[in-house]
Structure formats: structure tokens, C-alpha cells
Amino acid sequence: MKKFRVLYFGTWGYGAAGLKGLLKCSNVEIVKVYTKWNLEIENEYMNQVFKLTTKFNLDVFNSARELCSYRQFENDVLKNTDIDFVISCCFDRIFKKNILELPKILALNIHPSILPKYRGVKPLENAIVKNEKKTGITFHQLVEKLDAGDILLQDNSIEIKDDDTYGELYEKQCNQIELNIIKFFKDPFRYIQNKLPQDDSIVSFAPRINMKFNDKDKVWYLKKKFQEIYG
């Protein structure tokens, strides 16, 4: 059986979830992983992707901005040949056209919101403090415009309840990412053929919020704290 050759780009918990999903796909070959890590920093989330690459003996490149310029990163990516998919999940570099055109089949991004709502860097946090009742994840085509590509697969099944914690909601999204990666690769061409454009009339954005979100913070507390800061 021919395997889909994948370049994977991911960081933090979301990135680890995507990689776990790919590792469970028998028809996927992970050619190389791009992530950032620093083993001198004790952070249970920062080094998750790197630890998975070492556990499964995957080829890995440290894409941390302080270690390599965009040109160095780009040059390393473009050395890879015969790539079917580029997959990004919680990756902190913007892809230029030459990388988007590298895969033979598709460049794909996994975004932790129900697009086109909450494009940007902090979708879960914004969904919580802006009183959304649901969240989820979206697989969409990677394009040069941020989080704007056609939707291939979407899961909007996570309810946001006041007694949920931030950590619980984050973990539910991670589970969605892992399960839907497996679902996608059972028949990727079906999703590609049925992709849909995003509705630009309902786009919203997810900027950084100047407050800390701790795993054990409950939704009601985070909404109250947001109101106190931003009014």
C-alpha cells in the first residue's frame, strides 16, 4: 500500500495531538517534523512534540525563531522531495507560496475553532470570554491569508459550559484533532473534493488577550475576569 508522505509542522498540545493522530494512520509516512523545543525550560507543553519525535525516531528540525531565520527554515523545508501533504497544527511561522505549493496533493491547517469564527492565535480563549456556547476544530486548506482557506472537515461538537475548566476544553479539542486526523486519512480525497469556501460575512478574529488562562480556571471565572479587565 502506498503511503501518503507528510511534512508535519506543530507545537504545544494541539501540535502533539495532530502528530499522535498521524502516527495512528497506517497509510501515512511522516517524512519530517518541524517544531520548537528547549529542554532547559521545564514546560510540560512546549516540548511535547519533540518528545514524541524522539519516542518514534522521527526526523525533526528545531524551528524556534531564536535558532534559525525564516530563510534557514524555508531552505530546510524545500529540501524535502515527493511530498503529498504539508500539515500544520499550532505552528508559529507563516508559510510562503513556495512551501504551500510543495505538496503534490494539499497543504492543510488544523485550527482550533469553528471557522470562519475566531481566525488567529487565541481562538479557544476568545470563544470562552465572548460567551460562545460551542467550540471545535476545523481542517482547512492552507493559503497565504491567515486561516482563510476552504474548509475540508469540521467538528463543532464541544459545548462550552460555565463549570468547564480551560484545561478540559483544551484537552477536548486535542482529542478532536487526533480523532479527526485519523478520520481524514481514511479517505482524504473525499474531503478535498467536497471542500467549501468560508463565509466571509461571518468572519471573526482571535487576538491575544492580556490575561492568563490557567488549566484549572473555570469558564465562569475567566468570563468574569475578562469583564473586569476589558469592561
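The values are calculated or read from the model by the stated rules, or taken from the named source; none is laboratory data. A quick note: this is a predicted structure, and the numbers were derived from the prediction, not measured. Please note: Cβ atoms are built from the backbone with ideal geometry, for glycine as well, and neighbour counts cover all protein chains shown.
Points to keep in mind about this one:
- Any hit, segment 164-176, residues being modelled with pLDDT of 95 or more, surrounded by fewer than 15 Cβ atoms within 10 Å (Cβ to Cβ), assigned to a loop (DSSP other than H, G, I, E, B) and not small (Gly, Ala, Ser): no
- Scanning segment 13-58 for residues that are of a type in the set (Phe, Trp, Tyr) and more than 15 Å from Phe85 (Cβ to Cβ) yields Tyr14, Trp37, Tyr45, Phe50, Phe56.
- Test for Tyr34: is it more than 18 Å from Ile182 (Cα to Cα), not in a loop (DSSP other than H, G, I, E, B) and not hydrophobic (A, V, I, L, M, F, W, C): yes
- Residues of segment 179-190 that turn out to be assigned to a helix (DSSP H, G or I), surrounded by fewer than 19 Cβ atoms within 10 Å (Cβ to Cβ) and of a type outside the set (Lys, Arg), as a count: 3
- Residue identified as of a type in the set (Val, Ile, Thr), within 23 Å of Ile87 (Cα to Cα) and touching a residue at least 12 places away in the same chain (Cβ under 8 Å) among Ile177, Ile202, Ile160, Ile209: Ile177
- Among (1) surrounded by 12 or more Cβ atoms within 10 Å (Cβ to Cβ); (2) among the β-branched types (Val, Ile, Thr); (3) over 16 Å from the mean Cα position of the chain (by Cα); (4) outside any helix (DSSP H, G or I) - the single one Ile41 does not satisfy: (1)
- Subset of segment 142-163 [within 19 Å of Ala17 (Cα to Cα) and surrounded by fewer than 19 Cβ atoms within 10 Å (Cβ to Cβ)]: Gln154, Asp155, Asn156, Ser157
- Residues in segment 69-98 that are crowded, with 20+ Cβ neighbours inside 10 Å and under 17 Å from the mean Cα position of the chain (by Cα) were compared, and the one that is farthest from Leu19 (Cα to Cα) is Phe95.
- Residues that are without any contact (Cβ under 8 Å) to a residue 60 or more places away in the chain, buried (at least 21 other Cβ atoms within 10 Å of the Cβ), of a type outside the set (Ser, Thr, Tyr) and more than 23 Å from Asp217 (Cβ to Cβ) are absent from segment 115-131.
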